[in-house]
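J.: This structure is in structure tokens; I'll ask about it shortly.
Computed from the coordinates by the stated procedures, all read-outs in this text should not be read as laboratory data. Treat the numbers as computed from the prediction; the structure is a model and nothing was measured. So basically every Cβ, Gly included, is an ideal-geometry build from the backbone, and we count neighbours across all protein chains shown.
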Amino acid sequence: MSFSWMAWTLPTAIFFLTILALLIGMSVWEYFSPGGAPRTGILRFESTRGDRLFISLLGAAFIHLAWLGLVGPNLWWALALAVVYAVGVFRFV
Amino acid sequence: MNKTWNNKAWFLVLPVLLLVAFSAAIPLMTVVNYSVQDTFGNNEFFWAGTDWFDEILHSPRFWEALQRNLLFSFIILALEIPLGIFIALNMPKKGLGVPVCLVLMALPLLIPWNVVGTIWQVFGRVDIGLLGRVLASLGFDYNYVRDPIDAWITVIVMDVWHWTSLVVLLCYAGLVSIPDAYYQAAKIDGASRWSVFRYIQLPKMNRVLLIAVLLRFMDSFMIYTEPFVVTGGGPGNSTTFLSIDLVKMAIGQFDLGPAAAMSIVYFLIILLMSWIFYTVMTSSDADS
């Protein structure tokens, strides 16, 4: 079966493999160190580890879009900002 | 007590996983792949990087369509949610009126979207449509083909006619599930009609209202068929919503790369708005 119609490229494959690795990593983390029960952070709503991953990924997408729209096409700084944002979300939200 | 570890139940989830993979995950991955490439057909692709995203984010056409979409969804929610609650509150709770009202409410939901568009396209026409002729005979200069305000009013009224019943049915389901004891207690306390609504009916409808708001927001934000059939996105671009613009770009112009990039931005906005609605409404529910 050919998947050429999906027009895979190396960067997009790495992108999806990273998300898959994050999901697997979260499962392993929860298995060995359970602690994914809801908690209330600075935003005053309950979130689990999965919720925080979702917020991090969604926020990262918008950080990259905003960087692209407002600054320029060099997205490495946007990636760094997204990582800092994700750490903040997992720590405080 | 010993817990039984049986992971065979995971196989029951497998059909859903396969369905989601083929209906959502694989198409989404393909769109992401297209969004960073250019193609002229024949399964040949050329790397474009973030060019299409850059083009979309700096396109006035995209931002204007997004503003129209947000305004449309805001108007739809502001009209359909209160109207749906009002109708549900006034529907009979017992007797022959219940099935009659339920069938009447369900009727618009059973009509396919393109048929709804066709009905309103004919209904609003000044030359042959009942609505258009009546308004013209009353002295209103109504013409949805020529006037952007008339086109907006027609599309909004059509959507309200089509989808308010969904809100009504959801609210009605929430209302009939409230035990009589609540109303009896309110009566003993001498509660006013407003107090009964504010402190009994509205909190009990919270869950169904969340579903109604989410469904109506997502659906109105993704609306395509009805306005496309009635106005074709016109006059000018006045009713060109994101979905109509997207189809023009992808199918009309065969610009698959920019269309894919626009799809992803569109998807992210829907995801963000739905998450905000869900979080705010579930948090307020937990607080109450």
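J.: Hey, if you put +1 on the Cβ of every Lys and Arg and -1 on every Asp and Glu Cβ in segment B:61-287, which of B:Tyr142, B:Phe267, B:Gly84 ends up farthest toward the positive end of that dipole?
T.: Farthest along the dipole direction, towards plus: B:Gly84.
J.: Return the whole-Å distance between the Cα centroid of segment B:157-232 and the Cα centroid of segment B:9-61.
T.: Taking the Cα centre of segment B:9-61 as reference, the centre of segment B:157-232 is 35 Å away.
J.: Out of B:Gly84, B:Gly190, B:Gly232, any idea which swings most in a Gaussian network model of chain B, alpha carbons joined below 10 Å?
T.: Answer for the Gaussian network model of chain B: B:Gly190.
J.: Next up: Tell me the label-point distance for the pair B:Ile128, B:Ser23, using the 7 Å Cα-to-Cβ offset, in nm and rounded to one decimal.
T.: So the label points at B:Ile128 and B:Ser23 sit 3.7 nm apart.
J.: What is the distance in Å between the Cα centres of segment A:55-93 and segment B:76-148?
T.: 44
J.: Note down the magnitude of the dipole of the protein assembly as shown about its Cα centre, charges +1 on Lys and Arg C-beta and -1 on Asp and Glu C-beta and zero elsewhere, to the nearest 20 debye.
T.: On the way: 21 positive and 23 negative charges, 283 e Å.
Roughly 1360 debye, rounded to the nearest 20.
J.: For segment B:227-259, state which chymotrypsin sites (Phe, Trp or Tyr not before Pro) are in a DSSP loop and have at most 13 other beta carbons lying within 10 Å of their beta carbon.
T.: Loop-located and lightly packed - B:Phe254.
J.: Of the candidates A:Ile42, A:Ile63, A:Ile14, which one comes out as most mobile in a Gaussian network treatment of chain A with C-alpha springs shorter than 10 Å?
T.: Per the Cα network of chain A with a 10 Å cutoff, A:Ile14 tops the list.
J.: Here's another thing I want to ask about it. Per residue of segment B:89-99, what does 6.51 cos²θ - 1.76 cosθ + 1.60 with θ = phi - 60° give for ³J(HN,Hα)? Whole Hz please, x for Gly and Pro, Karplus curve as stated.
T.: For segment B:89-99, the Karplus-derived couplings read 5, 9, 7, x, 9, 8, x, 5, x, 5, x Hz, x marking Gly and Pro.
J.: To continue, here is another question. Could you grab the relative contact order for segment B:34-168? Cα pairs under 8 Å, six or more apart, rounded to a whole percent.
T.: In percent, rounded to a whole number, it is 24.
J.: If you don't mind, there's one more thing I want to ask. For chain A, modelled as a Gaussian network with Cα springs under 10 Å, which listed residue fluctuates most, A:Ser47, A:Ser56, A:Ser27?
T.: For chain A, modelled as a Gaussian network with Cα springs under 10 Å, the answer is A:Ser27.
J.: Once amide H atoms are built 1.01 Å from N in the peptide plane, which residues 5 or more positions from B:Gln37, or in another chain, come under 5 Å H to H?
T.: When sequence neighbours closer than 5 places are left aside, the close amide H contacts are B:Ala48.
J.: Could you tally the net charge around B:Glu64, taking each other residue with its Cβ under 14 Å from the Cβ of B:Glu64, Lys/Arg +1 and Asp/Glu -1?
T.: Neighbourhood net charge equals +2.
J.: Let me know the mean shielding of A:4-10 by other chains, meaning the per-residue number of their Cβ atoms within 10 Å of its Cβ.
T.: Counting other chains' Cβ atoms within 10 Å and averaging over A:4-10 gives 6.
J.: While we're here: Give the dimensionless ratio obtained when the Cα radius of gyration of segment B:61-287 is divided by 2.2 N^0.38 Å.
T.: Against the compact-globule rule of thumb, the ratio is 1.18.
J.: How are the Cα pair distances of the protein assembly as shown distributed, in percent, across 10 Å bins from 0?
T.: Final binned percentages: 4, 17, 24, 25, 19, 9, 2, 0.
J.: Then there is this: Can you give me the long-range amide H partners of B:Arg125? Hydrogens built in the peptide plane at 1.01 Å from N, cutoff under 5 Å, separation of 5 or more residues or another chain.
T.: B:Gly132
J.: Report ³J(HN,Hα) in whole Hz for each residue of segment B:140-154, in order, from the Karplus equation J = 6.51 cos²θ - 1.76 cosθ + 1.60 where θ = phi - 60°; Gly and Pro get x.
T.: Karplus-based 3J(HN,Hα) across segment B:140-154 equals 7, 8, 9, 7, 6, 7, 9, 9, x, 5, 4, 5, 5, 4, 4 Hz.
J.: Along segment B:251-257, what does the Karplus equation 6.51 cos²θ - 1.76 cosθ + 1.60 (θ = phi - 60°) give for ³J(HN,Hα), rounded to whole Hz, x for Gly and Pro?
T.: These are the phi-based 3J(HN,Hα) values: 9, x, 9, 6, 8, 5, x Hz.
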